[in-house]
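Engineer: What follows is a structure written as structure tokens; I'll ask about it next.
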Amino acid sequence: MKVRSMGGGAVVIKKLGAVPVGLAGAEIYEALERGTINGVVMPPTGINTWKLIEVAKYYTRIVPDCSVFYLMMNKDSWLNRKSATLEGG
């Protein structure tokens, strides 16, 4: 079984005995449709955004669902933000 998964998800998929496949989001729909991959690991928002429900027979929500995002900025840029930004406006 080949499953599109990235990062920590790929590690889990491999430990479960499947083959992790790295694909860009825009390639997932066609890969599922053609059978190039058998499944995908991604948050529900991605499934809706890429309309994967149209080509995937089944959907299983795995809880807990967690996504990590980073915000990185040059220190000088951070210190020189406009006051409207600082006030949320």
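Engineer: I'd like the residue in segment 2-37 that is touching a strand residue (DSSP E or B) at 6+ places or on another chain (Cβ under 7 Å) and in a loop (DSSP other than H, G, I, E, B) and, out of all such residues, is modelled with the lowest pLDDT.
Structural biologist: S5
Engineer: Return only the number of the condition from (1) of a type in the set (K, R); (2) modelled with pLDDT of 90 or more; (3) in a loop (DSSP other than H, G, I, E, B) that R81 does not satisfy.
Structural biologist: Every condition holds for R81 apart from (2).
Engineer: Can you name every residue in segment 11-48 that is in contact (Cβ under 8 Å) with a residue 24 or more places away in the chain and either hydroxyl-bearing (S, T, Y) or surrounded by 16 or more Cβ atoms within 10 Å (Cβ to Cβ) (or both)?
Structural biologist: Scanning segment 11-48 gives I13, I28, Y29, A31, L32, T36, I37, G39, V40, V41, M42.
Engineer: While we're on this one: For segment 1-10, which positions are of a type in the set (G, A, S), farther than 16 Å from Y59 by Cβ and in contact (Cβ under 8 Å) with a residue 12 or more places away in the chain?
Structural biologist: The answer is A10, and nothing else.
Engineer: What are the residues in segment 49-61 that are surrounded by 10 or more Cβ atoms within 10 Å (Cβ to Cβ) and of a type in the set (S, T, N, Q), if any?
Structural biologist: T49
Engineer: Out of the residues in segment 38-71 meeting the condition of being part of a loop (DSSP other than H, G, I, E, B) and charged (D, E, K, R), tell me which one is modelled with the highest pLDDT.
Structural biologist: Per the stated criteria, the residue is K51.
The values are calculated or read from the model by the stated rules, or taken from the named source; none is laboratory data. Quantities reported herein were computed from a predicted structural model and do not represent experimental measurements. Note that we place each Cβ from the backbone using ideal geometry, even for glycine, and neighbour counts take in every protein chain shown.
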